[in-house]
1. Subtracting the Cα-Cα distance from 0.36 nm times the residue separation, let me have the gained length for Thr77 to Ala124 in nm, one decimal.
2. Please work out the Cα center distance from the stretch 367-385 to the stretch 114-171, rounded to the nearest Å.
3. How many Lys pairs in the chain lie less than 24 angstrom apart by Cα atoms, where the lysines are 8 or more positions apart or on different chains?
4. Set the Förster radius R0 to 41 Å, insert the Cβ-Cβ distance between Ala270 and Ala221 as r into 1/(1 + (r/R0)^6), and round the FRET efficiency to 0.05.
5. What whole number of Å gives the distance from the Cα centroid of the stretch 335-364 to the Cα centroid of the stretch 224-268?
6. Computed FRET efficiency, Cβ-Cβ of Leu65 and Arg292, R0 56 Å: what is it to the nearest 0.05?
7. For the pair Asp210 and Ala385, what calculated FRET efficiency results from E = 1/(1 + (r/R0)^6), where r is the Cβ-Cβ distance and R0 = 45 Å, to the nearest 0.05?
8. Principal axis lengths of the stretch 321-372 from Cα atoms, whole Å, largest first?
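Coordinate-derived values only; no laboratory data. This one's a predicted model, so the numbers in the text were calculated from it and none came from an experiment. Here Cβ is always computed from backbone atoms with ideal geometry, including for glycine, and neighbour counts include all displayed protein chains.
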Amino acid sequence: MAAPKPDRFDQAAVAPTPHAGHRRGEATAWPAIAAAMLCGVAVSMNIGKLPIALPAMRADLGLSLVAAGWLAAMFNTIAMAGGVFAGILADRSGALRFCVGAMIASGAGALVAIAVPGEGALLASRAIEGVGFIAVAVAAPALVSAAATSSQRRLALAIWSCYMPSGIALGMLLAPPLLAVAGWRALWTVAFCFTVAAMALLVAQRRRYDGAPASGGATFADVGAALRKPAAWLLAVTLACFAVQLFAIVTWLPTFLREQRGVDATTAAALTAFAIAIGMPGNLVGGKLVQRGGHRGRIVAASMLGCVLCSVGILSAALPDGLRYALCLALSLVGGIVPAAVISSSAVLADKPQQVSTLQGLYMQASNVGQFAGALAVAWAVSAAGGAWSAALWVTVPAGLVGAGAALALARRQLHSHRPTGA
């Protein structure tokens with residue numbers, strides 16, 4: 001069988017990317033990539049730890065419902081408002097410096113929550129953690145790119161895309177036993193220690209990131225050129241639509257399990273964590289597909305349509321619960337191809353290293369808009385239908401079709417463009 005031909009978008013499959021840097025001809029520095037990955041896992045734990053711990057925190061600190069809502073929405077709000085801006089700052093100030101500063105901020109946020117009692121301090125700590133999260137999310141991919149060879153850069157970025165599901169799942173799994181033994185502050189302390197350890201490993205690998213943007217490396221022309229690429233915006237739309245589908249399901253899965261099926265909190269947390277974590281193999285599959293020269297737009301479109309079919313089964317009351325949960329896993333697995341394909345695209349779309357974080361900021365902002373909008377839209381649809389969860393199909397199906405349409409538009413650009421950016 002003949003080897004698949006790389007599409008126009010992925011010219012890097014047959015030639016080094018324009019910014020291969022000092023890694024051309026050298027081995028990929030996998031320990032350095034692992035260090036950057038652990039930083040992403042550490043800051044993502046801050047997302048997973050809160051939903052399970054929130055009832056205990058409300059009881060301990062007397063938090064109002066409004067405060068609890070702000071705690072839950074803080075990360076999305078910060079990422080929606082500042083994803084692109086954070087990416088620009090990372091490209092301007094230097095990826096390694098920005099990432100280390102982000103880890104310091106994330107750790108400081110945890111310390112504030114542990115040491116200072118009260119609603120105001122907890123909200124402030126959550127905001128600081130949110131800033132740290134978005135900063136790592138946009139800066140670390142530039143470090144991963146610098147540590148990888150040109151031939152393995154897209155695969156390395158696809159592996160990086162596993163950081164969020166693994167971190168969220170880890171936070172959710174650690175929460176029940178730590179809450180039972182020592183309370184929510186023990187969970188925050190573990191997250192703080194993980195953050196410090198990951199930052200230490202990152203600093204220890206600093207020489208491996210020599211090809212990453214340094215302070216003052218990006219110009220506003222670089223930023224503008226990155227944001228003028230139509231392919232980047234089409235990819236951002238697909239990622240936002242995938243986030244609507246995934247988070248419309250997993251955000252409300254614990255509530256459904258506890259209120260509709262009487263599942264205890266620990267089991268609900270474990271089932272939800274597994275549904276999120278199963279997306280990691282999908283991330284790796286997506287990375288392998290684009291690494292081998294697959295058409296990125298077609299890959300994403302097929303994945304989005306698969307998610308639509310899964311969501312129809314998940315929200316169908318006619319199916320048994322076991323099958324519906326299996327479809328939750330399938331949605332996360334198949335859908336995991338999307339973030340890997342989108343995030344790894346910066347290896348091709350970026351004309352130079354100084355554009356990587358800007359593109360990642362765009363993708364992160366789009367993803368969080370989808371997460372926020374998906375959760376709210378499902379809540380509204382289900383409430384308007386008198387509690388019928390099947391009404392969520394009015395959210396997930398249109399989102400999936402729009403995302404597939406954007407991916408197919410990208411595929412058409414890939415087939416007709418003779419430029420490696422696909423723009």
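1. Values: separation 47, 0.36 × 47 = 16.92 nm, distance 1.35 nm.
Residue separation times 0.36 nm, minus the Cα-Cα distance, leaves 15.6 nm.
2. 24
3. For the chain, the number of qualifying lysine pairs is 4.
4. Using R0 = 41 Å, I get an efficiency of 0.25.
5. 18
6. Calculated transfer efficiency: 0.65.
7. 0.20
8. 49, 23, 9
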